[in-house]
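K.L.:
Below is the structure I would like to discuss, written out as structure tokens.
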Amino acid sequence: MDDLAGKLAAVRDRIERAGGDTERITLVAVTKGFDASAVRAALAAGVRDVGESYVQELTAKVAALQAEGLGAEGSGADAGAAGPAPVWHFVGRLQRNKVRKAAPHVALWHSVDRLALGAEIARWAPGAAVLAQVNTTGEETKGGCPPTGVGDLVAGLRELGLDVRGLMTIGPPGPPEGARPAFQLLRELAETHGLKELSMGMTGDLEVAVEEGATIVRVGTALFGPRPVRPGMRH
């Protein structure tokens with residue numbers, strides 16, 4: 001967590017240099033692999049939006065922060081002194097049987113890629129805000145519905161009563177410029193379906209995502225460094 005404020009300033013500078021407005025682009029600090037101290041550091045540095053990829057990690061961090069009065073907005077005697085509570089984003093692939101445990105905490109679900117998952121979210125968090133994840137690269141290892149399935153997925157999620165805010169994707173590995181077609185496709189799909197939010201771009205391809213219209217970026221390594229390896233962790 002060394003010099004997190006400086007690293008945060010550097011990330012915001014990258015966004016601005018790419019033509020983005022840091023007041024309009026939501027920076028989600030992804031603390032996957034780190035403990036609750038990373039969340040505390042992010043809050044202290046002025047970042048409120050925090051991303052998690054594993055339900056087990058999310059619930060553990062929530063419990064740790066609740067013990068300090070940071071688990072819910074305005075809760076605990078120390079909440080004001082320690083700063084506002086985090087706004088939790090779930091950004092990883094998600095198993096349906098884990099939704100119940102995460103539902104009380106998640107403000108925005110980024111990785112909803114199928115109606116069955118949406119139905120489970122609607123069951124435990126009626127009216128929840130979600131993003132439809134799209135596989136814009138065709139990689140079998142990545143989650144997301146195919147681009148041709150976006151319309152049906154969005155319509156189905158809305159029928160479940162969910163608040164579909166926009167779309168999310170993960171760029172391909174390799175040089176940042178290689179992600180441009182994927183991000184362009186996501187933007188075009190969002191425009192076609194009248195969706196405003198575009199969650200795309202991480203540490204390596206941040207500038208390209210901003211240039212292509214990202215409204216949410218998910219940054220971990222640039223803020224916290226390489227993630228510790230934690231074998232056996234499951235979504």
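K.L.:
Pop a pseudo-label 7 angstrom from the Cα along the beta-carbon direction at both Asn97 and Gln66 and give the gap in nm to one decimal.
P.N.:
In this crude spin-label approximation the distance works out to 2.3 nm.
K.L.:
State the extension gain, in nm to one decimal, for the chain segment bounded by Thr141 and Glu177, taking 0.36 nm per residue of separation less the distance between their alpha-carbons.
P.N.:
Working: separation 36, 0.36 × 36 = 12.96 nm, distance 2.05 nm.
Answer, rounded to one decimal: 10.9 nm.
K.L.:
Now a separate question. Under a 10 Å cutoff between Cα atoms, tell me which one of Pro86, Pro175, Pro146 has the largest fluctuation in the Gaussian network model of the chain.
P.N.:
Evaluated over the chain, the most mobile residue of the options is Pro175.
K.L.:
Can you give the accessible area of Ile25 in Å² (nearest 10), computed on protein heavy atoms with a 1.4 Å probe?
P.N.:
Using a 1.4 Å probe on the heavy atoms, I get roughly 20 Å².
K.L.:
Shifting gears a bit: Where a ≥ b ≥ c are the square roots of the eigenvalues of the C-alpha gyration tensor, would you call the chain rounded, which needs a/c under 1.5, or, failing that, prolate if a/b is larger than b/c, or oblate? Numbers along the way, then the final one.
P.N.:
Working: a/c = 1.65, a/b = 1.17, b/c = 1.41.
Verdict is oblate for the chain.
K.L.:
Using Cα positions and a limit of under 18 Å, work out the lysines in reach of Lys7, with same-chain residues fewer than 8 apart set aside.
P.N.:
Lys32
K.L.:
Same structure, new question: Setting aside same-chain residues fewer than 8 positions from Lys142, which aspartates and glutamates have a Cα under 15 Å from its Cα?
P.N.:
The reachable aspartates and glutamates, counting only those whose Cα sits under 15 Å from Lys142, are Asp113.
K.L.:
Considering the chain as a Gaussian network with a 10 Å cut-off on Cα pairs, which listed residue, Thr141, Thr22, Thr221, attains the greatest mean-square fluctuation?
P.N.:
Between Thr141, Thr22, Thr221, it is Thr141 that shows the largest mean-square fluctuation.
K.L.:
Dipole of the chain, Cα-centred, from +1 at each Lys and Arg C-beta and -1 at each Asp and Glu C-beta, to the nearest 20 debye? Write out the running numbers ahead of the final one.
P.N.:
Working: 26 positive and 28 negative charges, 147 e Å.
Here the chain has a charge dipole of around 700 debye.
K.L.:
What is the Cα centroid distance between the stretch 23-72 and the stretch 141-159, reported in whole angstrom?
P.N.:
With the stretch 23-72 and the stretch 141-159 each reduced to a Cα centre, they are spaced 28 Å.
K.L.:
Most mobile of Ala125, Ala116, Ala85 per a Gaussian network model of the chain (Cα springs, under 10 Å)?
P.N.:
Of Ala125, Ala116, Ala85, the Gaussian network model singles out Ala116 as fluctuating most.
K.L.:
Further question: Once you place label points 7 Å from the Cα toward the Cβ at Glu159 and Arg17, how far apart are they in nm?
P.N.:
In this crude label model, Glu159 to Arg17 measures out at 4.8 nm.
K.L.:
Quick one: length gained pulling Thr59 to Asp3 fully straight, 0.36 nm per residue minus the C-alpha distance?
P.N.:
Going from the current span to full extension adds 17.5 nm.
K.L.:
Taking a ≥ b ≥ c as the square roots of the Cα gyration tensor eigenvalues, with a/c under 1.5 meaning rounded and otherwise prolate when a/b beats b/c, else oblate, which class fits the stretch 134-228? Could the numbers behind the result be given before it?
P.N.:
Values: a/c = 1.79, a/b = 1.67, b/c = 1.07.
Taking the square roots of the gyration eigenvalues as a ≥ b ≥ c, the stretch 134-228 is prolate.
K.L.:
From the helices alone, meaning DSSP H stretches of at least four residues, give me the mean residue ellipticity at 222 nm for the chain, per-run term -39500 (n - 2.57), in deg cm²/dmol to the nearest 500. Please list the in-between numbers first.
P.N.:
Numbers: 10 runs with 86 residues, N = 235.
Roughly -10000 deg cm²/dmol at 222 nm, from the helical runs in the chain.
The values are calculated or read from the model by the stated rules, or taken from the named source; none is laboratory data. Keep in mind it's a predicted model, so treat the numbers as computed, not measured. Note: ideal-geometry Cβ built from the backbone for every residue, glycine included; neighbour counts use all protein chains shown. Surface accessibility is based on the protein's heavy atoms, side chains included, excluding ligands, DNA and RNA. Shrake-Rupley method; radii C 1.70, N 1.55, O 1.52, S 1.80 Å.
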